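The values are calculated or read from the model by the stated rules, or taken from the named source; none is laboratory data. Model, not experiment: these values are computed from the prediction. We place every Cβ from the backbone using ideal geometry, glycine too, and count neighbours over all the protein chains shown. Side chains included, ligands, DNA and RNA excluded: accessible areas come from the protein's heavy atoms. Shrake-Rupley method; radii C 1.70, N 1.55, O 1.52, S 1.80 Å.
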Amino acid sequence: IKMPFIVDTSLGHEILHNWWGNSVFVDESQGNWCEGLTAYMADYYYKELKDSASAEEYRRDICRKYTNYVTEENDLPLKRFVGRIDQSTQAIGYGKTAMVFHMLRRMVGDDLFYQSLRRFYKDKIWQEAGWKDIRHIFEDISKMDLSWFFEQWINREGAPFIELGVTGMEKVKDGWLTRVEIVQQGKPYRLSLPIQLELDDETIYTIAEVKELSSPISIQTKSQPRHIAIDPQCDVFRRLHKEEIPPTIDLVMGDDDKIIVYPTGGGDALQETYKKLAELLAGGKDGVKADTAVTEAELSQKSLFIMGGLTENKLTKMFVGNLSKDFSFEEGFFVANKVTFGNKGNAFLVTAKSVKNMKKGVVLFAGLSSDAIKSVGFKIPHYGKYSYLVFADGKNVDKGTFAVADSPMQRSLTK
């Protein structure tokens, strides 16, 4: 409770567990549904009450975290999720489950969604319940066959990867006809996919029902479309394109093929502090190297978490030129959002896509004293969605996520 963000996040989540988990019990043989439902009805709902942009950011963070942390090797279907043990299981059991309820809500509508949940609570209080119970109640209330929905999202592991295929438009008798191809990789999903068209005088939204590897969609409008965007608000759970993901801490920490690099300059005490932090973040000595031990091949093939300033870590200078504008490392100080920080209690973290490999990320982290490093290093994993952090005497004083400039899910129609 002493932490300022707890009241607006975790407190509501834990209180809501008195309904989901402590009154309606979880039948773990079918998977743990209650963590994702609780996250959706508390953590996410706080964002929705605030504004639509905050809600969109939450949904996008779910897809980003799943994309960053979940691989073919560690993925599992929701029917097998029991509890969180690491970032990948959290991304699945909390994040994916929350998005499943979000998609279900969009499908049946708000009234039937909340009516179904009230019925679920009333019918199953003091009993174990599972996904089958949730499905049957939603089917009964909505009068819809949802067998395909629960089979796809609960029994199947993975997430759809959607691409914007061929687009085109033509003038027709009553306006304009826009044609767009929606492409899926692998076994296709059945999706209700939002499409946004920007016209000369308005922006329109429509829902495309797709279920094939390649689905042609036609949309007729009165005026000429200028721009098209597929799932622009991230209402569908999916793997994101690398271009949709800004450089963040999670981009590096979620990469199993990363190296955490401690410096060999800056004095023994500083080196030792960085090295201990590197091993803490790596969970051991594997994946931890000195700056002098990193090879040219590793620089181009791996994500890097580089510790130390310009005079401490030999790799820092190599990547500072690729930082976002208004951010820079200097000797003895750093600049974030055009503000200069040079006190001994300051620490700074900033991310970028690797100049050696744009599919990989780079984190640069430095403290202006050993105490500054010790006071903030262990906190870094809790800020995974951010692109930069600034600390003063252990307190976070600035943070943010860089905007994505372009996305393969959007396209101009007039070029």
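Which of the residues that make up region 384-409 are among the polar types (S, T, N, Q) and either open to solvent by less than 10 Å² (accessible area, probe 1.4 Å) or closer than 23 Å to residue 87 by Cα (or both)? Please lay out each step first, then the result.
First pass over region 384-409, keeping only residues among the polar types (S, T, N, Q): 387, 396, 401, 407.
Within region 384-409, 387, 396, 401 qualify.
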- prompt: Is there a residue in region 44-53 that is closer than 27 Å to residue 209 by Cβ and either part of a loop (DSSP other than H, G, I, E, B) or over 21 Å from the mean Cα position of the chain (by Cα) (or both)?
  reply: no
- prompt: From the residues in region 54-72 that are touching a helix residue (DSSP H, G or I) at 6+ places or on another chain (Cβ under 8 Å) and not in a helix (DSSP H, G or I), which one is most open to solvent (accessible area, probe 1.4 Å)?
  reply: 71
field: residue 282 closer than 20 Å to residue 382 by Cα, out of contact with any helix residue (DSSP H, G or I) (no Cβ under 6 Å at 6 or more places or on another chain) and open to solvent by 20 Å² or more (accessible area, probe 1.4 Å)
entry: yes
field: Residue list for region 243-270, filter: under 27 Å from residue 411 (Cβ atoms) and either part of a loop (DSSP other than H, G, I, E, B) or hydrophobic (A, V, I, L, M, F, W, C) (or both)
entry: 245, 246, 247, 248, 251
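Look at residue 259 and say whether it is under 19 Å from residue 323 (Cβ atoms), surrounded by 19 or more Cβ atoms within 10 Å (Cβ to Cβ) and touching a helix residue (DSSP H, G or I) at 6+ places or on another chain (Cβ under 7 Å).
No: the conditions fail for residue 259.
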task: Taking residue 242 as meeting all but one of (1) more than 30 Å from residue 281 (Cα to Cα); (2) open to solvent by 50 Å² or more (accessible area, probe 1.4 Å), write down the number of the exception.
output: (1)
statement: Of the residues in region 174-207, those that are farther than 19 Å from residue 240 by Cβ and either touching a His at 6+ places or on another chain (Cβ under 8 Å) or small (Gly, Ala, Ser) (or both) come to 175, 197, 198
statement: When restricted to 166, 180, 108, 172, the only residue open to solvent by 70 Å² or more (accessible area, probe 1.4 Å) and among the hydrophobic types (A, V, I, L, M, F, W, C) is 166
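Going by what's in this entry, would residue 163 be described as among the acidic types (Asp, Glu), under 30 Å from residue 407 (Cα atoms) and part of a strand (DSSP E or B)?
Details: among the acidic types (Asp, Glu): yes; under 30 Å from residue 407 (Cα atoms): yes; part of a strand (DSSP E or B): yes.
For residue 163, the condition - among the acidic types (Asp, Glu), under 30 Å from residue 407 (Cα atoms) and part of a strand (DSSP E or B) - is met.
Keeping to region 347-396, report how many residues are assigned to a strand (DSSP E or B), touching a residue at least 12 places away in the same chain (Cβ under 8 Å) and under 18 Å from residue 337 (Cα atoms). Lay out the reasoning, then the answer.
Just the residues of region 347-396 that are assigned to a strand (DSSP E or B), to begin with: 347-353, 361-367, 388-392, 395-396.
Subsequent filtering for residues that are touching a residue at least 12 places away in the same chain (Cβ under 8 Å) retains 347-353, 361-367, 388-392, 396.
Next cut, under 18 Å from residue 337 (Cα atoms) only: 347-352, 363-367, 388-392, 396.
Result for region 347-396: 17.
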- prompt: If we keep just the residues of region 272-328 that are under 19 Å from residue 253 (Cβ atoms) and in a strand (DSSP E or B), which is nearest to the chain's Cα centre (by Cα)?
  reply: 303
Given (1) under 22 Å from residue 240 (Cα atoms); (2) among the polar types (S, T, N, Q); (3) open to solvent by 10 Å² or more (accessible area, probe 1.4 Å), number of the condition residue 97 does not satisfy: (3)
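Looking at 69, 58, 44, which one is of a type outside the set (D, E, K, R) and without any contact (Cβ under 8 Å) to a residue 24 or more places away in the chain?
58
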field: Cβ pairs under 9 Å, 6+ apart, first in region 279-300 and touching a residue at least 60 places away in the same chain (Cβ under 8 Å), second surrounded by fewer than 15 Cβ atoms within 10 Å (Cβ to Cβ) and part of a helix (DSSP H, G or I)
entry: 280/378; 281/378; 281/381
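Quick one: which of 214, 223 is of a type in the set (S, T, N, Q), modelled with pLDDT under 95 and farther than 22 Å from residue 146 by Cα?
Matching residue, one of 214, 223: 223.
Do the conditions hold for residue 191, that is, is it at pLDDT below 95, open to solvent by less than 60 Å² (accessible area, probe 1.4 Å) and within 28 Å of residue 60 (Cβ to Cβ)? If you could, list the steps in order and put the result at the bottom.
On the way: at pLDDT below 95: no; open to solvent by less than 60 Å² (accessible area, probe 1.4 Å): yes; within 28 Å of residue 60 (Cβ to Cβ): yes.
Spelling it out, it is not the case that residue 191 is at pLDDT below 95, open to solvent by less than 60 Å² (accessible area, probe 1.4 Å) and within 28 Å of residue 60 (Cβ to Cβ).
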